[in-house]
Amino acid sequence: MSVTRLKRKHRKNIARANNKQRVIKQLLLTPVLKNVDIEELKSRFANKPAQTEAAA
């Protein structure tokens, strides 16, 4: 019996693996947020609607 190679499937499997690696690398490039002051962020969002109403 002869050996047949599934070339299209092989290319698809390689592309799938490369895409997964690319996604992992891209996720690792984004910086991790640390030491976030939650209360300070809440105060920012609480003040914004009041300012927009005053401007209108």
Extended-chain gain in nm, criterion 0.36 nm per residue less alpha-carbon gap, VAL23 and HIS10: 2.7 nm
Per DSSP, loop trypsin sites (Lys or Arg not before Pro) in segment 1-30 with at most 12 further Cβ within 10 Å: ARG5
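What's the magnitude of the charge dipole for segment 1-49 around its Cα centre, counting Lys and Arg as +1 and Asp and Glu as -1 at the beta-carbon? Answer in Debye, nearest 20.
Once rounded to the nearest 20, the dipole reads 820 debye.
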27 Å Cα-Cα reach of LYS34 towards lysines, excluding residues that sit fewer than 8 places from it in its own chain: LYS20, LYS25, LYS42, LYS48
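Values quoted throughout were computed directly from the atomic coordinates according to the rules given, and no laboratory measurement underlies them. Keep in mind that what you see is a predicted model, and the values were worked out from it rather than measured. Counting neighbours? That spans all protein chains shown, and the Cβs are built from the backbone with ideal geometry, glycine included.
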